[in-house]
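Novice: Let me give you the structure first, and then I'll get to my questions.
The values are calculated or read from the model by the stated rules, or taken from the named source; none is laboratory data. In this text, all values refer to a predicted model and were calculated from it rather than measured experimentally. Don't worry about glycine lacking a Cβ; one is built from the backbone with ideal geometry, like all the others, and counts go over all protein chains shown. Accessible surface is based on the protein model in full, side chains and every heavy atom, while ligands, DNA and RNA are left aside. Shrake-Rupley method; radii C 1.70, N 1.55, O 1.52, S 1.80 Å.
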Amino acid sequence: ISRHESEHLRKNPDASLIRLGIGDTTQPIPDTITLAMAEQVRGLSTIQGYRGYGAEQGNMPLRKAIAGKFYQDMGIKANEIFVSDGAQCDISRLQMLLGSNVTVAVQDPSFPAYIDSSVVVGQAGELEEETGKYGKIIYMNCGPENDFFPDLSTIPRTDIIFLCSPNNPTGHAASWQQLKQLVEFAKANGSIIVHDSAYAAYIRDGSPRSIFAIPGAKEVAIEISSFSKFAGFTGVRLGWTVVPEELLYSNGFPVIKDFNRIVCTCFNGASNIAQAGGLACLSTDGYQDLCKVTDYYMENAKILVDGFTSLGWKVYGGKNAPYIWVHFPGMSSWNVFAEILKKTNIVTIPGRGFGPAGEEYIRVSAFGQRQIILEALRRLNSVL
């Protein structure tokens, strides 16, 4: 994408690009939160306020606040929450924990980090050029024909199942029934679910925001989440992973003990400054302010959905996630991406980048200033 963009700008140096590709937040972080971080920074200049190393697992007040805000009535305890520098970093730490000998299943399409990290640790096998798939990874097709959720009756047993809900890139949030089926499937097969809930704050239809809302999930699941997309912390870097005490290996050993060892060995803890911001995010005022920001992005998403629909394209997503998944039947996603860039100076993401099942689609991000979103639709209307 970067090469295409650079080449386009070389040929069109006066082009005014609109970037609706990468899922980076654009709205300022509310003052309630940045003031808490600024106070933490100022405190470092005083004897009373200076702090050095913190607990590798995260500061306990923040761990308690995460448990109370996101896992109330789910039985998740503060000591089961590991604060980190972001969900993507935690994916790699989990892969280090799991090792190269496990078998893995991923949604297709899905966030590339699950496959990329599987390749790095040696789980993936050889890349099959014809299919674009790695030989040892099970690709669980998730398209409109199965409501963007894998048909578990056709999926072979694997040790690990990666699931992102709401899904990046399709925007689909798994229903209660779908997650219940997945938990039962994992129990029957002795599998561990790695559930990525980084976009849970965008769910609007009552779908579960955590896999731990499903009874029995604590025995089979790990959950990764993040402050990046709901609090605008993409550059601040703060996330968390939940490893329940009930999650055991087949020999009865608790997984949490191994993950704690990984964290203490490979990580010195999240920034105290970022954690101060995270705690402010979960205060009454901070959380209310953040809900206004997520509502803003979701209004952008509605505008984009309506705009692409009016152009005659089939659109998915945009209801429980800030991503629009647009279908161009029979067309190469790279060709669609290139044509839109050439004719409108708009950068999107070709769906093929999220897996073979992403062919014929592009992903459009609703993270943007309102006037930019409206200008993008004006350009698309004038050309398409």
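Novice: Please list, by residue number, every one of the trypsin sites (Lys or Arg not before Pro) in the stretch 19-66 that is coil in DSSP and has at most 13 other beta-carbon atoms within 10 Å. Don't skip to the end; give the middle numbers.
Specialist: On the way: sites: Arg19, Arg42, Arg51, Arg63, Lys64; in loops: Arg51.
Those that pass, being in a loop and sparsely packed, are Arg51.
Novice: Once the Cβ-Cβ distance between Leu17 and Asn101 is put in as r, and R0 is 56 Å, what FRET efficiency do you end up with, to the nearest 0.05? Don't jump to the answer; show the numbers that get you there.
Specialist: Working: r = 45 Å, r/R0 = 0.80.
The calculated FRET efficiency here is 0.80.
Novice: DSSP beta bridges in the stretch 60-283, what fraction antiparallel, as a percent rounded to 5?
Specialist: Working: 11 of 28 bridges.
If I count the DSSP bridges inside the stretch 60-283, around 40 percent turn out antiparallel.
Novice: Same structure again: Please list Cys281, Cys264 in order of solvent-accessible area, largest first, computed with a 1.4 Å probe with all protein chains present.
Specialist: Reading off the accessible areas and sorting them downward yields Cys264, Cys281.
Novice: Ok, one more. So how far apart, in nm, are the two label points at Ser283 and Glu339 if each is 7 Å from Cα heading toward Cβ?
Specialist: 5.1 nm
Novice: Let me ask something else about it. What residue among Ser271, Ser110, Ser226 shows peak mean-square fluctuation when the chain is described by a Gaussian network model with Cα springs under 10 Å?
Specialist: Ser271
Novice: Moving on to the next point. Roughly how many nanometres apart are two label points built 7 Å out from the Cα toward the Cβ at Lys187 and Glu126?
Specialist: Between Lys187 and Glu126, the simple spin-label model gives 4.1 nm.
Novice: Need one value: the accessible area of His327 in square angstrom, 1.4 angstrom probe, rounded to the nearest 10.
Specialist: Approximately 40 Å² of His327 is accessible to the 1.4 Å probe.
Novice: Further, regarding this structure: Mind running the shape call on the stretch 60-283? Use the C-alpha gyration tensor, a ≥ b ≥ c as the square roots of the eigenvalues: rounded below 1.5 for a/c, prolate if a/b tops b/c, oblate otherwise. Present the calculation step by step, with values, prior to reporting the outcome.
Specialist: Details: a/c = 1.44, a/b = 1.33, b/c = 1.09.
Here the stretch 60-283 falls in the rounded category.
Novice: With a ≥ b ≥ c taken as the square roots of the eigenvalues of the C-alpha gyration tensor of the stretch 27-110, please select rounded if a/c is under 1.5 and otherwise prolate if a/b is larger than b/c or oblate if it is not? The partial results should precede the final answer.
Specialist: Details: a/c = 1.93, a/b = 1.85, b/c = 1.04.
Taking the square roots of the gyration eigenvalues as a ≥ b ≥ c, the stretch 27-110 is prolate.
Novice: Another question, then. Summing +1 for each Lys or Arg and -1 for each Asp or Glu, what net charge is found among the other residues whose Cβ lies under 13 Å from the Cβ of Ser210? All intermediate terms of the calculation are to be shown ahead of the outcome.
Specialist: Numbers: positive: Lys69, Arg209, Lys218; negative: Asp73, Glu80, Asp196, Glu223.
Spelling it out: positives minus negatives among the neighbours equals -1.
Novice: Working out 0.36 nm times the residue gap between Glu375 and Cys266, then minus their Cα-Cα distance, what length gain in nm do you get to one decimal?
Specialist: Contour length minus the Cα-Cα distance gives 34.7 nm.
Novice: Looking only at Thr241, Thr344, Thr46, which one moves most when the chain is put into a Gaussian network model with springs between Cα atoms under 10 Å?
Specialist: Looking only at Thr241, Thr344, Thr46, the largest GNM fluctuation is found for Thr46.
Novice: When Lys and Arg each count +1 and Asp and Glu each count -1, what net charge do the other residues less than 15 Å away from Lys11, Cβ to Cβ, add up to? Please list the in-between numbers first.
Specialist: Numbers: positive: Arg3, Arg10, Lys342, Lys343; negative: Glu5, Glu7, Asp14, Glu339.
Local net charge: 0.
Novice: Suppose we flag GluC sites (Glu not before Pro) only when DSSP calls them loop and at most 10 other Cβ atoms lie within 10 Å. Which is the longest uninterrupted stretch of the chain? Walk me through the intermediate numbers first.
Specialist: Numbers: sites that count: Glu126, Glu129, Glu130.
Here the longest segment lacking exposed loop sites spans 131-384.
Novice: What residue among Val293, Val326, Val120 shows peak mean-square fluctuation when the chain is described by a Gaussian network model with Cα springs under 10 Å?
Specialist: Among Val293, Val326, Val120, the largest mean-square fluctuation in the Gaussian network model of the chain belongs to Val120.
Novice: With only Lys, Arg, Asp and Glu charged, each at its Cβ (+1 for the first two, -1 for the last two), find how big the charge dipole of the stretch 60-283 is about the Cα centre; round to the nearest 20 debye.
Specialist: In total the dipole reaches around 880 debye.
Novice: Considering only the other residues whose Cβ falls under 15 Å of the Cβ of Ile29, what net charge follows from Lys and Arg at +1 and Asp and Glu at -1? Display every interim value, and only then the final one.
Specialist: Working: positive: Lys229, Arg237, Lys292; negative: Asp24, Asp31, Glu39, Asp285, Asp289.
Summing Lys and Arg as +1 and Asp and Glu as -1 gives -2.
Novice: Over the stretch 60-283, what is the relative contact order in percent, taking alpha-carbon pairs closer than 8 angstrom and at least six residues apart? It would help to have the intermediate numbers written out before the result.
Specialist: Working: 389 pairs, mean separation 51.6, N = 224.
The normalised contact order for the stretch 60-283 reaches 23 percent.
Novice: How much of the DSSP beta bridge set in the chain is antiparallel, as a percent to the nearest 5?
Specialist: Rounded to the nearest five, the antiparallel share is 55 percent.
Novice: Something else now. If you count only protein heavy atoms and use a 1.4 Å probe, how large is the accessible surface of Ile138, to the nearest 10 Å²?
Specialist: Using a 1.4 Å probe on the heavy atoms, I get roughly 50 Å².
Novice: Suppose a student asked you for the relative contact order of the stretch 136-215, using Cα pairs under 8 Å spaced at least 6 residues apart; what percent would you report?
Specialist: Details: 91 pairs, mean separation 24.2, N = 80.
Answer for the stretch 136-215 is 30 percent.
Novice: Right, next: Hey, how many Å between the Cα centroid of the stretch 1-66 and the Cα centroid of the stretch 83-102?
Specialist: First find each Cα centre; the distance between them is then 21 Å.
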